[in-house]
Amino acid sequence: MAVRRVRVILAVIAIWVLGSWYYSWHPPDSGLFNLTHGHAPGGQSVPASAGSKGLKWEKRPPRYPVDKFATLPTNKPTKQVPRVQATKPQETTAEKELRLGRLAAVEESFKHSWNGYKKYAWGHDEIKPLSGLYKNPFGGWAATLVDALDSLWLLGMKEDFEIAVRACDNINFTTTETRDINIFETTIRYLGGFLAAYELSNKQYPSLLKKATEVADLVMTSFDTPNHMPITRFPWQKYARGESQTARSYVLLAEIGSLNLELTKLSQLTGDMQYYDAVQRISDELEKDQKRTSMPGMWSVIIDATKTPIKSTGDSYTLGGMSDSTYEYLGKQYLLLGGALNQPRKMYEGFIEVAKKHLLRRALNPDNLPLQFFADARIVTSPGGDKQVVTTPIAQHLTCFAGGMVGMAAKIFERPSDLDVAEQLTEGCVWSYNQTVSGIGPEIFHFIPCEADIAKDDCQWSEERWLNSLRKYWGHDTTGDDLSDQQLEKIIETRRLPRGMVEVDDRRYILRPEAIESVFMMYRLTGDSKFMDKAWAMFEAIEKWTRSKYASAALDDVTASHPTQVDSMESFWLAETLKYFYLIFGDWDLANLDEWVLNTEAHPLRRADAP
């Protein structure tokens, strides 16, 4: 059946983007132990590596120099950017005591994982939280250490922060055993991590800006192409050998459209406009393409970066994996520049109504809550040759950032009705946590859309309606008849389907932050304490099931009564997930959103209009 094929295809794509695009690498000599040898867990020696047969990267004179750099906008906006944060909520003595108790629990969880990394995986990208070993999926440049720098500062762990800063001084970005450098991940984790730590610490540690510049110069070499578009999976060895390079025809939207915050910030700090010019050039190209796609207003998942202007090539649209942060960065770039550039606002307003029309769907649920999700869509051609949009009601944990994005834009772009949409998106992700026996939401699931106008009260739950939706999704039995209620009950039982979901396509939890990110944003946007309670329930479930001997571990199946832990802890656990939990229960002005904008890895960058 067509529905079944679409489901399989989407599941394959999701698994591909979430896992298979990363390679396995041996740890290079990051210099974090000493110049010749490192020490692995158990005292074993780790031989130093010179990368690929001694080959090292160094910046070369550009083959395709830029004639004139774009410069940061200096004009003052016609009016001040509206405030993002609500007025600080009042609390009683008992409420404060409760909040601080929760804060202490989050802090303890952070220290447990950080100390595990520090003891067993220091200098490597990630700790393996079940075995106490390590792995290096992000170049072997100590991703967790760099990603956690600003978290250490925010948690007041100054001694550990200074130890980490000194260790960062010795990271060698001129070599790695990875074949292709992921420019997006390098930018958001390493460059974002250094820049946030530098600004949060009031620029007391100049070496952090130096390391940020080293990373940025590496990233910039991927832009040395005929049309100045980056090679997002950068074959650094070819560059190091002096070979010419061109951008690629198959590029993920998120990877080319989510570099602007970090490189813009570096230009703001250094006065060197090459960084801002590179990403502003991408923004200009995306703006030209925005109305020319098969769904005008949004960009398809795949971009042809060899074209001038670059071109959306495909008919799949999503706010989830492979696209997400390009949309997220529109409002955030506007804030970073203090409202001085109107282009990001125009691009946001150009896409959001299209997304609301074709992707936004209300979800049937047993509690009859007003829940919404951004689904996925594709353009299909009818037998008569007409183009039409087909929406698939599939929800991704990755898309859970959208509640915060829409809420923030509702404030800064004066779209007050969208604040309700933001809350319903956030509540949808919280609901996905509440529906599983583990209390944690899955990576990907199919929900039941309410087809009619969302303003009408016709999204009322009934067991019959759920069973009919299951029958429609799962098709017929082997004889071609509709599935019986008994057969459907068997599917629910064997597939462990939470009520309101018709399939759980990806059952994992990999310590992702997106759901708690939107809960944090809604709390800061509204000041409503109910979001603290929601956050605490999420934290308790996550802490219960993910805590391991050495740190915290991903889970294989959140629909199981006792999820099995997986030997993986990505750096965003310390950089994002626990940071958002800490900020919810911490001081209201910590990383105040009227002064800071958080990149997609939750690294705070100071806004141009900050006091």
*Extension gain (nm, one decimal) between ILE491 and THR74, 0.36 nm per residue minus Cα-Cα*: 144.1 nm
*asked:* Students often check this: by mean Cβ neighbours within 10 Å, which of 287-293, 525-531 ranks highest, and how do the rest follow?
replied: 525-531, 287-293
*What full-extension length gain, to one decimal in nm, is calculated for ASP528 and ASP477 as 0.36 nm per residue of separation minus the Cα-Cα distance?*
13.5 nm
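Give the calculated FRET efficiency between GLU91 and THR270 to the nearest 0.05, with a Förster radius of 30 Å applied to their Cβ-Cβ distance.
The value I calculate is 0.15.
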*May I ask you to give the solvent-accessible area per residue for the chain, in square angstrom, as obtained with a 1.4 angstrom probe?*
39
*Using 7 Å Cα-to-Cβ label points, what is the SER382/GLU243 separation (nm, one decimal)?*
4.9
*asked:* Starting from 0.36 nm per residue, how many nanometres of slack lie between LYS288 and ASN342 once their C-alpha separation is accounted for?
replied: 17.9 nm
*asked:* Lone cysteines in the chain, defined as no other cysteine's Cβ under 4.7 Å from theirs: which are they?
replied: CYS168
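Throw me the Rg/Rh for region 394-446, computed over C-alpha atoms with Kirkwood Rh, two decimals.
Values: Rg = 12.2 Å, Rh = 11.5 Å.
For region 394-446, the value is 1.06.
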*Kindly provide the Kirkwood hydrodynamic radius of the chain in Å, to one decimal, from all pairs of distinct alpha carbon atoms.*
24.9
*Reported to two decimal places, what Rg/Rh ratio describes region 407-491 when computed on Cα atoms with Rh from the Kirkwood expression?*
1.10
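What is the magnitude of the charge dipole of the chain about its Cα centre, with +1 placed on the Cβ of each Lys and Arg, -1 on the Cβ of each Asp and Glu, and no other charges, expressed in debye to the nearest 20? Write out the running numbers ahead of the final one.
On the way: 70 positive and 79 negative charges, 271 e Å.
Magnitude of the dipole: close to 1300 debye.
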*Got a sec? Which residues in region 285-317 would a label at TYR250 touch, if it sits 7 Å along Cα→Cβ and we count backbone N under 18 Å?*
300-307, 311-317
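Please tell me which of these pairs span more than 28 angstrom C-alpha to C-alpha: LYS311/LYS332; LYS411/LYS472; LYS238/LYS311?
Values: LYS311/LYS332 23 Å; LYS411/LYS472 40 Å; LYS238/LYS311 26 Å.
Cα-Cα > 28 Å for LYS411/LYS472; rest within.
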*Computed on alpha carbon atoms, what radius of gyration and Dmax characterise region 137-189, expressed in Å?*
12.2, 37
_Filter on LYS59/LYS128; LYS59/LYS307; LYS76/LYS307 - keep pairs with C-alpha separation over 29 Å_ = LYS59/LYS128; LYS76/LYS307
*Let a ≥ b ≥ c be the square roots of the eigenvalues of the Cα gyration tensor of region 179-338; is it rounded (a/c under 1.5), or, if not, prolate (a/b larger than b/c) or oblate?*
oblate
*Relative to the first principal axis of the alpha-carbon coordinates of the chain, what is the inclination of helix 206-220, with its axis defined by its Cα atoms, in degrees from 0 to 90 and to the nearest 10?*
70
*Which entries of LYS288/LYS346; LYS111/LYS265; LYS357/LYS387; LYS291/LYS356; LYS119/LYS210 show an alpha-carbon separation above 20 angstrom in the structure shown?*
LYS111/LYS265; LYS119/LYS210
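Please label the shape of region 332-402 as rounded, prolate or oblate, based on the square roots a ≥ b ≥ c of the eigenvalues of the alpha-carbon gyration tensor (a/c under 1.5 means rounded; beyond that, a/b larger than b/c means prolate, else oblate). Don't jump to the answer; show the numbers that get you there.
Values: a/c = 2.97, a/b = 1.31, b/c = 2.27.
Oblate, because a/c is 1.5 or more while a/b does not exceed b/c.
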*Using a 1.4 Å probe over the heavy atoms of the protein chains, calculate the carbon and sulfur portion of the accessible area of region 502-611 as a whole percent.*
48
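Counting each DSSP H run of 4 or more residues in the chain as -39500 (n - 2.57), what helix-only mean residue ellipticity at 222 nm follows after dividing by all residues, to the nearest 500 deg cm²/dmol? Write down the numbers at each step before the final one.
Values: 20 runs with 243 residues, N = 611.
My calculation for the chain gives -12500 deg cm²/dmol from helical runs alone.
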*Quick one: compute the contact order of region 97-160, relative version, from alpha carbon pairs under 8 angstrom and 6+ residues apart, as a percent.*
21
*If you take the charge dipole of region 54-172 about its Cα centre, with +1 on Lys and Arg Cβ and -1 on Asp and Glu Cβ, which of PRO82, SER109, ILE127 is farthest toward its positive end?*
PRO82
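The values are calculated or read from the model by the stated rules, or taken from the named source; none is laboratory data. Please read all numbers here as calculations on a predicted model, not as lab measurements. Glycine also receives a Cβ, built like all others from the backbone with ideal geometry; neighbour counts cover every protein chain displayed. Keep in mind that these areas ignore ligands, DNA and RNA; they rest on the heavy atoms of the full protein, side chains included. Shrake-Rupley method; radii C 1.70, N 1.55, O 1.52, S 1.80 Å.
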